[in-house]
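Inspection log for the structure reproduced underneath, given as structure tokens.
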Amino acid sequence: MSLAIGHRLGGYEIVAKLGEGGMGQVYRARDVKLGREVAIKILPDHFANDAERVARFEREAKTLAALNHPHIAQIYGFEQSALVMELVDGEDLSERIRRGPIALDEAVAIARQIGDALDAAHGQSIIHRDLKPANVKVRDDGTVKVLDFGLAKSVDAMVASGSGATITSPAMTAHGMLLGTAAYMAPEQAKGRPVDKRADIWAFGCIVYEMVTGERAFAGDDVSETIASVLKTEPDWSRVPARLQPLLTSCLQKDPRQRLRDIGDAVFLLAPSGPARAHRPPRSSPLVAWSIAALTAVAALGLAVAHFGETPAAVMPIEFDLHAPEGSNFGDSYQALSPDGRRLVYTMRDAGGVVRLWVRDFDTRDPRPLQNTEGARSPFWSPDSGTVAFAIDEKLMRIDVEGGPPRLVSEVSNNIGVGSWGTNGTILFGSRLGGPIYRVADTGGTAVPVTALDQPRFEGFHAIPSFLRDGKRFVYLRNSADPKLQGIFVGSLDLAPDQQPLDMLVQSRLGAGYYAPAGGPSRLLFIDNGNLVSQELDESRRALVGSPALEAERVGSAGSYAFFSVSSAGVLAYRTGEAGGPNDFNLTWFDRRGQQQGLALGRGAYGSAKLSPDGTRIVGGLTRSGLASDIWLSDLARGILTRLTSDAASDLYPIWAPDSSRILFMSLRSSGRGIYEKRMDSAEPERLVWRGEGPAIPDGWSPDGRFVLFTRQAKESGFDLWLLELGPSPKATPVLSSPFDEGFGVFGPDGRHFAYVSDESGRDEVYLRTFAAPGDTSASSPRQWRVSNDGGQSPRWRRDGKELLYRNEGKVMSVPIETAGSALAPGRPVELFSVRGAFVTQWDVAADGQRFLIPMLEIGDVAEPIRVTLNWRPGGNQAR
């Protein structure tokens, strides 16, 4: 059926005829409603009057309409057995090739866009089956559009089902097009056998070969000779640039079982130009070709500079996404790129809830788990990229990625965080919950601090170090309760822990990354308002210079760890989403069996949360914007959240009075740092109760309302436990002050005992101690009992005093308390339940001990993949 100029087809007016072939006739038309020009394809005459085949064509058109991709010509609709498509201006690729071979960089750019289009289609089980240069349009700006997507598949199905025909390509129906199509047929397609997406990969390889050589990979004077060439001959590999030989060898394997299996890998394997080395790549194993190509992709730039003294050609970034398998997630994952940029190690939680380390080698397709790393977190690499260090609770481990069991490096009393492995054999690592930066030899030994928490700066921990070029200095995060004082700093192994400089590079609550390419200036990567940015680092001045450059948008985080990693070899990996920041937790109810009983409060950045003694309200520190925290009140019955404080400084760690009438909290206000009081029945502003220079964290209020236990940090003795006596002239005195850390004391219901935490045993444990009011001359010498036996934090009392509860990481522990006269006798600790994904430092327990209020880490959209960019250069990427 031919259409005359001016003919109306539904809402489209025919303007000109563009071409005719085995798939029918193509016309330029104008959309009379929208005023845009479109392309209209009419079915071949021998199909046009077949209602069943037209209906199938229409169903296929609907499927193809789902392919909304920038490099696929879009389908607009279906009108009277005609397909209405995007009109793509520009020349087709066959016309471009007729002028001669295409420059390598331009050919790679075109190939990547074709591959992206195929990847999108294959992801929806759509196969082109007639991919060839004539079906690829190249616009003047270099944008590529693939045409006729999926039509070969749909028409094949019609032909085969209609008459039992063995036709395997629409081109077979038009002798004039057969020769051009036969040159791009996969061997199995030429034999009339069933085909899958690997036939498109073969055609892709043929197109790339033709672009860079100017000749077809398989040629002949007629159809028979062309097909014979496809089945029996090999291309002339000497004509192919060395950097593309491994890729094309994998695409053009005659046995589809040996061929590259995924077009996404073909895009990934498009390597940058490296030193020219004429050779014929081996074709006996595609895996060899994969390895060579990926090696070239990552390393060629560095090799050219370091070994050949050449200035490398500009290369394009290569991006791909790493998805978690079904049932697994990256919700709270760490990721770390190897220094050579060839591997990524990351943590992943499987369908059974087990977290372990996984490694993705960029020259292979499938990630692999590292055995015996269950419970691992905070991984980082050795300088030779062959070993991964990681943490399991308070142990620093190492494991060779090519095999072998994990080995212990060191053990400390703090939860180990992300570290950095120097070229001189020194490992630095920080803390996840509290403590300085430590150093230890990579062969193992005792870890010693290289930084010291600064009490006047309200510092809680130091974390996420990265060695600089000289192997002695490092950048790291100093966390502080005062948001103006926390950020990224430069430290040095040559300085004493308390002599580290306090010149802040940039204010931040999250750790930073360090990028130092060979021969180029170093840069600091950090999170700014949720986005990943980079800025040049002047290491001699310990200062950032120039302006920051945007690298990626909406990068997720958890705690102080941002979900990104960078390799100085030119690789960036990150995960987007809102996981971890700034709204991190759901306040969740649990029963004594560990079963969730619903939310007390939805997602929020809760720095603390305390249940009122009467059980009706929750008060907590909550970050709403920026880095500062305010005190908020939640009425559980009405579901209303009310702000209680609004000072520009942080207000933190509220506790309730025994009668639920008021709260005390710590504030870092410039007008007076210390402990403040806020009454629940008054509109009056909060008032300063006690002023202190260092952090003063209220912990427990005595049942009679007279005393408050609080934790105070001192430069000389670390964390100490103090007592605040309330009244007209509040007075503070130390209760426990020693070389060890003590704190987080809570009064028992009898008022004569309190529980607290100390690390005098070498790790945090829970203790009981008798209490006597100041000036009580009748009190006997204090007695003390250790309650926990395998670590313990954050003790809480049941109201009747017969049970003490505490946490040990994600485990909730219970200790029965018996009374023997006036003395208490703690029993054996037992585990009630374990909670995965919980951050329970600031948990709480209902008065009857039957319900537990636990902040659960909000892991965000766990479907978000890890995006990896090869050939990455700062400031040169489009943030997404």
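The values are calculated or read from the model by the stated rules, or taken from the named source; none is laboratory data. The structure presented is a predicted model; accordingly, all values stated were derived computationally and were not measured. For the accessible areas, the whole protein counts, side chains as well, though only heavy atoms, and no ligand, DNA or RNA atoms are used. Shrake-Rupley method; radii C 1.70, N 1.55, O 1.52, S 1.80 Å.
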- Task: Rank these by accessible area, largest first, 1.4 Å probe: ARG112, ARG407, ARG575.
- Result: ARG407, ARG112, ARG575
- Tell me which residues come under 5 Å, amide H to amide H, from THR645 once H is placed; ignore anything under 5 positions away on its chain. ILE631
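If DNA, RNA and ligands are ignored and the probe is 1.4 Å, what is the ranking of VAL267, VAL735 by accessible area, most exposed first?
VAL735, VAL267
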- Item | Residue-level accessible surface for ASP528, protein heavy atoms, 1.4 Å, Å² | 80 Å²
- Item | Solvent-accessible surface (1.4 angstrom probe) belonging to GLU394, in square angstrom, nearest 10 | 20 Å²
- Of the heavy-atom accessible surface of region 472-531 (probe 1.4 angstrom), what whole percent is carbon and sulfur? 47 percent
- Query: Rounded to the nearest 10 Å², what accessible area does LYS62 show when all protein chains are kept and the probe is 1.4 Å?
  - Reply: 140 Å²
- Task: Could you please put HIS462, HIS69 in sequence from largest to smallest accessible area, using a 1.4 Å probe?
- Result: HIS69, HIS462
- Using a 1.4 angstrom probe on heavy atoms only, work out the carbon and sulfur share of the accessible area of region 412-452 in %. 49 percent
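Heavy-atom accessible area per residue, region 471-518, 1.4 Å probe: how many Å²?
Details: 1650 Å² over 48 residues.
Result: 34 Å² per residue.
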